[in-house]
Amino acid sequence: MTRKVNAVIKAAAQDLQRMGVIYVDGLQDAYNGHRFCEPGATKEQTEYIVRFWSQYSHFDTPSEGRAEDDVEATIRPPFPVLRSFHPKGTAYAEHATALFAAIADNRAAIATGGEGQQIAIALYIHPLGDPGSWERIFAYDTKKVSVLVADVLNGPDYVVDTVWKSMIDQAASQGKKILGYVRTGYLGVSQQQFTTRLGSHDLADWASQIEQDVDKWSSYMAPVSAVSFLMKAGRNAVPTIFTQIFLNPGSPIAQCFEDTMDTLLTFESSYETCMNSFVPNDWMPKDQRKIWHTIYKVPQNQTASVAAFASSRNAGLLEITNDNQPNPYDNPPDEAYKQAVIGAVPGGTPFINGPVKVITFYVAGLPSDVVVSSTDYSSAILI
């Protein structure tokens, strides 16, 4: 039964390992040869080999030869009592050794990076408009500031912007992961009835525009390792596949979306909303880096508390700024503020892999008797 209970506890700990929960192995085996009914043990269980006290063990008997394992005479009750069932001091020494070793081992693992909370910045200003902010971002520790979102003009624009391209190259060369922003417009079906750049509400036209933007980002440069805020769809203009996709619903989302995207931005609102009326997801992510929170209008003296709160809500990626609506991403905080934010996160590496090379592909042939019946700017109907 003990082993079955331990197995259940171990499974639960492994499920919560991304939150820092560690299961310590070896404690059960430390009692091998030291339990009740060991050869040579008496009913009083006072022998050195036995690591449990029993109800028959008296308070004034030696334990296992170590004075620190015995109850001091000054705290013994002045009336006859029975010992409770619990491990002896020597057994607890085994516990201490295993627990402190686990703490030390996992502290070292965390310190070397990996899954620690880190900063993802959506800096929606042209590099020529504020080159100083871009230079500071390049200088920040990549383990702390690991992800940058590039947005030329609600996406990559029609042609490659050479200034943006240069900045993306520079950021990527320093190990930062670059996300290309792609506007989906909720595919034209939301209450706001967003339209494509050419004024269409049609789902097919939105899909076509999204595909074109994905292709354009791929033409910027190979180091653009992901496309943000985009469902996985579309062809690519170069022989690489975007392997990481971020989606921005900006609010809690059902768990069924967890594996449709690599990272979900599930909170995008003000400090007041974050601290007073935050609505969490009702599920636990497989990896905290699958969740991103953006909080604006945050006082500088509250950056650490906001980061801790976001971490408690399983947000492995975080943006904190003192900017405000209507665009909280066009006015970067000063250096003192940014250093406060950087100091509030442990850092790590983002949940992003490099592009995967296309191994095989083919182009479907065109039937000889096909006829184009109608066209618009983004599609054609063939019969």
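The values are calculated or read from the model by the stated rules, or taken from the named source; none is laboratory data. Nothing here was measured: the structure is a model prediction, and the numbers come from that model. All Cβ positions, even for glycine, are placed from backbone atoms using ideal geometry, and neighbour counts span all protein chains on display.
Worth a mention:
- Selection of the range 264-273 for residues being of a type in the set (D, E) and surrounded by 14 or more Cβ atoms within 10 Å (Cβ to Cβ) yields only E268.
- Taken together, the residues in the range 245-272 that are within 17 Å of F351 (Cβ to Cβ), at pLDDT 90 or above and hydroxyl-bearing (S, T, Y) amount to 1.
- Residue-level check: of (1) free of Cβ contacts under 8 Å to residues at least 12 places away in the same chain; (2) out of contact with any Gly (no Cβ under 8 Å at 6 or more places or on another chain), T195 misses just (2).
- Selection count where residues are surrounded by 20 or more Cβ atoms within 10 Å (Cβ to Cβ), over 17 Å from P249 (Cα atoms) and free of Cβ contacts under 8 Å to residues at least 60 places away in the same chain, scope the range 274-319: 3
- Residue selected from the range 78-123 under the condition surrounded by fewer than 17 Cβ atoms within 10 Å (Cβ to Cβ), in a loop (DSSP other than H, G, I, E, B) and not hydrophobic (A, V, I, L, M, F, W, C), by the criterion modelled with the highest pLDDT: S84
- Checking every residue in the range 40-61 against the condition of being outside the structural domain of P285 (by TED's automatic domain parsing), in contact with a Pro (Cβ under 6 Å, 6 or more places away or on another chain), part of a loop (DSSP other than H, G, I, E, B) and modelled with pLDDT of 75 or more gives at least one match.
- Looking across the range 145-177 at every residue that is touching a Phe, Trp or Tyr at 6+ places or on another chain (Cβ under 9 Å) and in a strand (DSSP E or B), the one that is surrounded by the fewest Cβ atoms within 10 Å (Cβ to Cβ) is identified as V149.
- Hits in the range 269-313 - residues which are β-branched (V, I, T) and in contact with a strand residue (DSSP E or B) (Cβ under 7 Å, 6 or more places away or on another chain): I291, T294, I295, V298, T303, V306
- Being at pLDDT below 90 and within 23 Å of I137 (Cα to Cα) is a description that applies to S311.
- Residue list for the range 307-340, filter: under 16 Å from the mean Cα position of the chain (by Cα) and either assigned to a helix (DSSP H, G or I) or charged (D, E, K, R) (or both): A307, A308, F309, A310, S311, S312, R313, E319
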